[in-house]
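J.: This is the structure, below, for whatever I ask next.
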Amino acid sequence: MERPNDRVFIFDTTLRDGEQSPGASMDLPEKLAMASALAGLGVDIIEAGFPAASPGDFEAVREVARQTEGPTIAGLARCHQPDIDRAWEALQEAKRARLHVFLATSPIHREFKLKMTKDQILKKVAEGVAYARSLCADIEFSAEDAARTEPEFLAEVLEVAIAAGAGVVNIPDTVGYAMPHQFGQLIQTITQTVPNIMDAIISVHCHNDLGMAVANSLAAVQAGARQVECTINGIGERAGNCSLEELVMALRTRHDIFGLHTGIRTPKLYPVSRTLAEITGMEVQRNKAIVGANAFAHEAGIHQHGMLMNRESYEIMKPEDVGVPSNRLVLGKHSGRHAFAAWLNAHGYQLDEAGIQASFEAFKDLADRKKDVTDVDLEALLEGRTDQEAGPWLLVSFQTSAGTDGIPTAAVSMRHLEDDRLVEDAACGKGPVEALFRAIERIIGVRAPLKYYQLSSKSRGKGAVGQVSLCVVIEGKECHGQASSSDILKASARAFLSVVNRFLQGKKSGREGHIATIATSSQ
């Protein structure tokens, strides 16, 4: 790997550490779609998974390695020969492959998890990295929990790893414990005390338990780190990882301080963020920096006046620089199909003719109830179509009844797309949403009790679009879904159906899709 002083390499671990975020599991087609989006974004390295963790993770890494063009594809392995062999087997068809080997080094991990001495750690690192290097030219070594490791011992570990063949040495703040000044000082100490450090790139992998992941990563970059490990939307174990979009835009916006650049195509940040949210069903918080719905929104009168005079008075970035729609195109009930198709094209949606027509009809239905239809409304509407695309069941119609004096009921009509059967049934519940879910269960024959249900607003005003995010339990496994509509009962039914459809499709193909949760390392 090249080592320019003014370049920061972006190592994206959305598919590995990010997927370990509860509720963020992805099936193989979704991982491939996300890998393609990351390649288009311009990340340098994609960590595709932990091949030794499960057969599903192995298959995912192998297929990402086979099918993804551009970035280096990395697979994680413990400093253990069977793990390394499994990872290399999955990576062999990648045009550019990296074996990412890790071993914990902190006192608490040495004593309680590994039960190893310092000398045993050093020996294990030397053997593991050397073995990995015998298989693959690109080796990264991570000292798990490095931020809580004695700096002198950490320096010894890194020296050994580099001597054994590691071209990248990663310094994880595994539990998000460090403060920016401490973490920056640690990186500086490493540059000064590891004799062969110039033979490797220093990488960092920061978690967000105290909300410091991005700040710690930037402090490390200032101190000499030239690779940052991060995830889209900052997803990951516990409170998540360093947010890719925040790190990249901090480096770009404050080039006067850092004097560094990345290879990220920043106008793709918002579309890739949206892709991940749609795949995982994990909504981005409205006030999230860079890609949140409010990131470029101005409501206060004095702010609006300042924006009209000069946008830079209250915006340090342009929305278009990160791919955020400008919201200048207003669609309403008088808009035609051509205008709607133009909006789809401008916002990166690629639908076939049937998809365009179905979406247009849903848009016209929304426009009849809402005076102004915004970009956020349309995005939510399109996200709500996921159940229509998943199959094998299609929601045709439903009717609910509820009130203070009656038992809530729901009558549902659904079509089975494989044999064109129209099936109708009804059920009761404690409320209309539960009645809807029970009726769908009766038709499909799958029991899916609700674990949690969340309703949020995707837009404002009369006829605002609501987004339903839910989790159900099917055959003992958690499964997450999401859908949007200006009718919250319709959104609820679509979200529930999308989950059950995904389960049925996964079961048919021999994969459990979103349902499986893999226990792996977060570094």
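J.: Where Rh is the Kirkwood radius over the Cα pairs of segment 386-514, the temperature 25 °C and the viscosity 0.890 mPa s, what D in µm²/s does Stokes-Einstein return?
T.: Value of D from the Cα-based Kirkwood radius: 165 µm²/s.
J.: Report the relative contact order of the chain, percent, no decimals, based on alpha-carbon pairs under 8 angstrom and at least 6 residues apart.
T.: Dividing the mean separation by the residue count of the chain yields 12 percent.
J.: Right, next: Can you tell me what the convex hull of the Cα atoms of the chain projects to on average, as an area in nm²?
T.: 26.4
J.: Would you mind getting me the FRET efficiency between residue 423 and residue 315? Use the beta-carbon distance for r and R0 = 45 Å, nearest 0.05.
T.: 0.30
J.: Next up: Kindly provide the GluC sites (Glu not before Pro) of segment 411-472 that DSSP labels as loop, not H, G, I, E or B, and whose Cβ sees at most 16 other Cβ atoms within 10 Å.
T.: Listed in order of number, the matching sites are 418.
J.: Now a separate question. Loop only by DSSP, 16 or fewer other Cβ within 10 Å of the Cβ. Give me the GluC sites (Glu not before Pro) in segment 110-151 that pass, ordered by residue number.
T.: Here no GluC sites (Glu not before Pro) fit, given the DSSP loop and packing criteria.
J.: Holding the Cα-Cα limit at 25 Å, pick out from 95/318; 268/318; 268/333; 268/288 the pairs that are longer than that.
T.: Over 25 Å apart, Cα to Cα: 95/318; 268/333.
J.: Based on the alpha carbons, how large is the Rg to Rh ratio for segment 89-144 when Rh follows Kirkwood?
T.: On the Cα set of segment 89-144, Rg over Rh gives 1.07.
J.: Need one word for segment 121-230: rounded, prolate or oblate. Basis is the Cα gyration tensor (sqrt eigenvalues a ≥ b ≥ c); a/c below 1.5 gives rounded, then a/b vs b/c decides.
T.: Prolate is the answer for segment 121-230, as a/c is 1.5 or above and a/b outweighs b/c.
J.: At what distance in nm do the modelled label points of residue 112 and residue 5 sit from each other, each positioned 7 Å from its Cα along Cα→Cβ?
T.: 4.3
J.: Give me Rg/Rg_expected for segment 9-280, where Rg uses Cα atoms only and Rg_expected = 2.2 N^0.38 Å with N residues.
T.: 0.92
J.: What does the net charge come to around residue 193 if you take all other residues with beta carbon closer than 11 Å to its beta carbon, with K and R at +1 and D and E at -1?
T.: Charge balance near residue 193 sits at -3.
J.: Work out the FRET efficiency for residue 457 and residue 289 from their Cβ-Cβ distance, taking R0 = 22 Å, and round it to the nearest 0.05.
T.: 0.60
J.: Between beta-carbons, use under 13 Å as the cut-off and find the net charge around residue 52, counting Lys and Arg +1, Asp and Glu -1.
T.: For residues surrounding residue 52, the net value is -1.
J.: Just grab the label-to-label distance for residue 127 and residue 475, each label 7 Å out from Cα along the Cβ direction, in nm (one decimal).
T.: My value for the distance between the label points is 4.0 nm.
J.: Give me the number: length gained by fully extending residue 402 to residue 134, i.e. 0.36 nm times residue separation minus the C-alpha to C-alpha distance, one decimal in nm.
T.: 89.7 nm
J.: Per DSSP helix of 4 or more residues, -39500 (n - 2.57); summed, then divided by the residues of the chain. What does that give at 222 nm, rounded to the nearest 500?
T.: -12500 deg cm²/dmol
J.: Roughly speaking, what is the stretch gain from residue 188 to residue 430, that is 0.36 nm per residue apart minus the C-alpha to C-alpha distance, in nm to one decimal?
T.: Once the chain is fully extended between residue 188 and residue 430, it gains 81.1 nm.
J.: How many nm is it between the label spots at residue 119 and residue 239, if each spot is 7 Å from the Cα in line with the beta carbon?
T.: Computed distance between label sites residue 119 and residue 239 equals 4.0 nm.
Each value in this text was obtained by applying a stated rule to the coordinates, not by laboratory testing. Everything numeric in this text was worked out from a predicted model, so none of it was measured. In this analysis, Cβ positions are derived from the backbone assuming ideal geometry, glycine residues included, and neighbour counts consider all displayed protein chains.
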